[in-house]
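Report on one structure; see the data block that follows.
The values are calculated or read from the model by the stated rules, or taken from the named source; none is laboratory data. Note that the structure is a prediction, hence the values are computed from the model and not measured. Because the Cβ atoms are built from the backbone with ideal geometry, glycine has one as well, and the counts that use them run over all protein chains shown.
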Ligand SMILES: NC(=O)c1ccc[n+]([C@@H]2O[C@H](COP(=O)([O-])OP(=O)(O)OC[C@H]3O[C@@H](n4cnc5c(N)ncnc54)[C@H](OP(=O)(O)O)[C@@H]3O)[C@@H](O)[C@H]2O)c1
């Protein structure tokens, strides 16, 4: 029986990915900053572990407690919105600490076992916003685009060991807690120089007729990356992400 370790399982995509793998008879190590087993169905194949990806000690303890794993899914992350000029450097640092360095640090902690076993898959959840320049997301896009670059180079190094790495690029998913969590990291929206731009971007995001991504799309894309060795490096997840990927192809 295979084992997957997933970060950020308290809500949204991470929670759905954990449920998806549990329903397919995998052993699931669902990690959360604040562990809560009751968000997932009871199962003797489920373990819930504490993991804050910004904390090296927490990474060490979680990887040790998890034991051997076959697939690592780096899903934990958060968003922030503000004009590039007005994004506090503290926010930029926080974004990179979680979305980029957290992903890199956990990957480094897991790779030795993959390399020694000559097997394993790393799936990094980034974003379809890395495919297209969008205003008010400069720092968030940069934190995710850095993971794309890291993952693509790493995959070339790991091929010789039979270890795979893939990117899942979700589109906009209003059903998760992403938007709500990003609200605490909004800056400069009331600055007069950017007010018109902010108004037009917010109006566009409120367009309910536009295609969106569902957590199920992301779980399916992660499953594909984990189980199908012929899957591509970049897997867009969701109708909007697939349309964007087709545009830039
Ligand atoms: N929803 C979208 O529109 C969208 C689109 C493209 C990509 N994404 C990406 O998809 C991933 C999942 O987002 P989501 O939509 O499912 O949002 P979500 O519901 O807010 O889930 C994010 C998860 O990440 C966790 N997290 C945040 N900081 C963490 C840290 N330092 N250590 C460990 N876990 C941490 C959160 O845990 P807590 O409960 O402890 O905060 C939560 O479980 C993120 O990487 C996000 O950037 C989202």
### Message
Is it the case, given these coordinates, that residue 162 is on the phi > 0 side of the Ramachandran plot, modelled with pLDDT of 95 or more, away from the ligand (no atom under 16 Å from the Cβ) and surrounded by fewer than 17 Cβ atoms within 10 Å (Cβ to Cβ)?
### Response
yes
### Residues satisfying the stated conditions in region 64-95, i.e. crowded, with 20+ Cβ neighbours inside 10 Å and within 14 Å of the ligand (Cβ to nearest atom)
72, 73, 74, 75, 76, 77, 79, 80, 81, 95
### Query
Under 6 Å by Cβ, and 6 or more places apart or on different chains, what pairs join a residue from region 116-142 that is without any contact (Cβ under 8 Å) to a residue 40 or more places away in the chain with one that is away from the ligand (no atom under 11 Å from the Cβ) and in a helix (DSSP H, G or I)?
130/145; 130/148
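One line per residue, one yes/no per condition, for (1) near the ligand (Cβ under 10 Å from one of its atoms); (2) modelled with pLDDT of 95 or more; (3) within 19 Å of residue 19 (Cβ to Cβ); (4) surrounded by 19 or more Cβ atoms within 10 Å (Cβ to Cβ):
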site: 173; (1), (2), (3), (4): yes, yes, yes, yes
site: 176; (1), (2), (3), (4): yes, yes, yes, yes
site: 182; (1), (2), (3), (4): yes, yes, no, no
site: 195; (1), (2), (3), (4): no, yes, no, no
site: 208; (1), (2), (3), (4): no, no, no, no
site: 217; (1), (2), (3), (4): no, yes, yes, yes
site: 231; (1), (2), (3), (4): no, yes, no, no
site: 237; (1), (2), (3), (4): yes, yes, yes, yes
### Task
Using the structure shown, decide if residue 168 is under 21 Å from residue 96 (Cβ atoms) and within 12 Å of the ligand (Cβ to nearest atom).
yes
### Query
When both residues are 6+ apart or on different chains and their Cβ atoms are under 6 Å apart, which pairs have a first residue that lies in region 61-76 and is closer than 18 Å to residue 151 by Cβ, and a second that is assigned to a loop (DSSP other than H, G, I, E, B) and within 16 Å of the ligand (Cβ to nearest atom)?
74/7; 75/7; 75/8; 76/7; 76/8; 76/53
### Query
Does at least one position in region 112-135 carry a residue that is more than 12 Å from the chain's Cα centre (by Cα), within 14 Å of the ligand (Cβ to nearest atom) and farther than 25 Å from residue 224 by Cα?
yes
